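Structure first, then comments.
The values are calculated or read from the model by the stated rules, or taken from the named source; none is laboratory data. Small disclaimer: the values here were computed from a predicted structure and weren't measured. Methodologically, a virtual Cβ is constructed for each residue, glycine included, from the backbone with ideal geometry; neighbour enumeration extends over all protein chains shown. With ligands, DNA and RNA removed, areas are computed over all heavy atoms of the protein, side chains included. Shrake-Rupley method; radii C 1.70, N 1.55, O 1.52, S 1.80 Å.
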Amino acid sequence: MELNYAPPLYQQAYTEFKKLILTGQIAPGEKVVMSKLAEDYKISRTPLREALRQLQTEGLIVQDQTGMKIVELNKPDFLELYQCRILLEKEVIRSIVTIIPDSDYHKTDAVLLESKQAIEQGDAFRILELNTQFHELLIQHFPNKRMIELLNHVRSLLLLYRANINKKTKYNLEIYEEHCGILAAVKSRNVERAVQLMEDHLLNDQKRGLEDFS
């Protein structure tokens, strides 16, 4: 008999608050008032505190002398984080092209298919999730776990910026096509082309994100 367990309450709260932040229903810079959240969502302080701690770890919530608030979009931070991401992810893709097993391609193919469907449906949050999954499926094969941790931390800190890019529907098909090109280069075991396409993709993402600061 298979047992089905509901996610812990803090995990449910984390997922809900993260979606609210990434879809803009809670605005950048908005203060996080724990008592109001606890009242609105009928949740006790302990699971709420754990959910907020996870969001702080991901960089979506920051704390200063005035309390907790949703992270605000900042151009210097954005540029520094993208510089880190480009350097790290290029090295990751360079290494994984020759070692990723053919048997894993069905996973990335499935994610790309779902991405196209989400684009057709205009589901910005689902598109963000699937775009994230695409990169995660590639980088999971990289043997240096510390570099993966660094890259995942940078990608977490960029999450709100990337969510903002995905809200611009004019770019969703463009991003999808860039992902298809990267995967085709990986499948053909063309290291230099895969690295170049990944760099082009991330530079394009940086350019798309910079529109918010013009």
**OP:** Run the dipole for region 29-132 about the Cα centre, Lys and Arg Cβ at +1, Asp and Glu Cβ at -1, nothing else charged, and hand back the magnitude in debye, nearest 20.
**Re:** 360
**OP:** For the chain, find the longest principal axis of its Cα atoms and tell me its angle to the long axis of helix 124-139, 0 to 90°, nearest 10.
**Re:** 50
Subject >> Gain in span if fully extended, residue 152 to residue 126, counting 0.36 nm per residue against the direct Cα distance >> reply: 7.5 nm
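Order the peptides 206-212, 158-164, 116-122 from the highest to the lowest mean number of other Cβ atoms within 10 Å of their residues.
Result, highest mean Cβ count within 10 Å first: 158-164, 206-212, 116-122.
Too long at a 23 Å Cα-Cα cut-off: which of 107/145; 19/116; 36/69; 19/187?
Numbers: 107/145 21 Å; 19/116 20 Å; 36/69 13 Å; 19/187 33 Å.
The pairs that break the limit, which is 23 Å between Cα atoms, are 19/187.
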Subject >> Semi-axes of the equivalent ellipsoid for the chain, Cα gyration tensor, largest first, Å >> reply: 31, 21, 17
Original post:
When only DSSP loop residues count, what trypsin sites (Lys or Arg not before Pro) in region 1-93 have their Cβ near at most 13 other Cβ atoms within 10 Å?
Top reply: 42
Original post:
Under a 1.4 Å probe, what is the accessible area of region 1-145 per residue, stated in Å²?
Top reply: 58
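For every helix of n ≥ 4 consecutive DSSP H residues, a contribution of -39,500 (n - 2.57) applies; sum these over the chain, divide by its total residues, and give [θ] at 222 nm rounded to the nearest 500 deg cm²/dmol. All intermediate terms of the calculation are to be shown ahead of the outcome.
Values: 10 runs with 147 residues, N = 214.
Estimated from H runs of four or more residues: -22500 deg cm²/dmol.
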**OP:** Return the long-range amide H neighbours of residue 68 (sequence gap of 5 or more, or a different chain), with a cut-off of under 5 Å between placed amide H atoms.
**Re:** 32
Subject >> Acute angle (nearest 10 degrees) that the helix 191-210 long axis makes with the longest principal axis of the chain, alpha-carbon atoms >> reply: 40
Subject >> Whole-Hz couplings from phi, Karplus 6.51/-1.76/1.60, listed for region 163-177; x for Gly and Pro >> reply: 4, 5, 5, 5, 6, 7, 4, 5, 9, 4, 5, 4, 5, 4, 5
Original post:
For region 153-214 and region 70-149, what is the separation of their C-alpha centers, rounded to whole Å?
Top reply: 8
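Using Stokes-Einstein with the Kirkwood hydrodynamic radius over Cα pairs, what translational diffusion coefficient do you get for region 1-102 at 10 °C and a viscosity of 1.306 mPa s, in µm²/s rounded to a whole number?
Calculated translational D: 98 µm²/s.
Placing unit charges on C-beta atoms (Lys and Arg positive, Asp and Glu negative, everything else neutral), compute the dipole magnitude of region 69-214 about its Cα centre in debye, rounded to 20. Kindly include the intermediate steps, with their values, before the conclusion.
Working: 20 positive and 23 negative charges, 34 e Å.
Charge dipole, region 69-214, about its Cα centre: 160 debye, nearest 20.
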Original post:
For region 47-112, what is the largest minus smallest coordinate of the Cα atoms on each principal axis, given in angstrom and ordered from greatest to least?
Top reply: 51, 32, 18
**OP:** For the chain, with all protein chains present and a 1.4 Å probe, just round the carbon and sulfur fraction of the accessible area to a whole percent.
**Re:** 52
**OP:** Choose one of 28, 68, 78: the residue whose Cα lies farthest towards the positive end of the charge dipole of region 1-159 (beta-carbon charges +1 Lys, Arg; -1 Asp, Glu; about the Cα centre).
**Re:** 68
Subject >> Expected-Rg normalisation [2.2 N^0.38 Å, Cα atoms] applied to region 75-167 >> reply: 1.14
Subject >> Nearest 10 degrees, 0 to 90: helix 45-57 Cα axis against the chain principal axis >> reply: 40
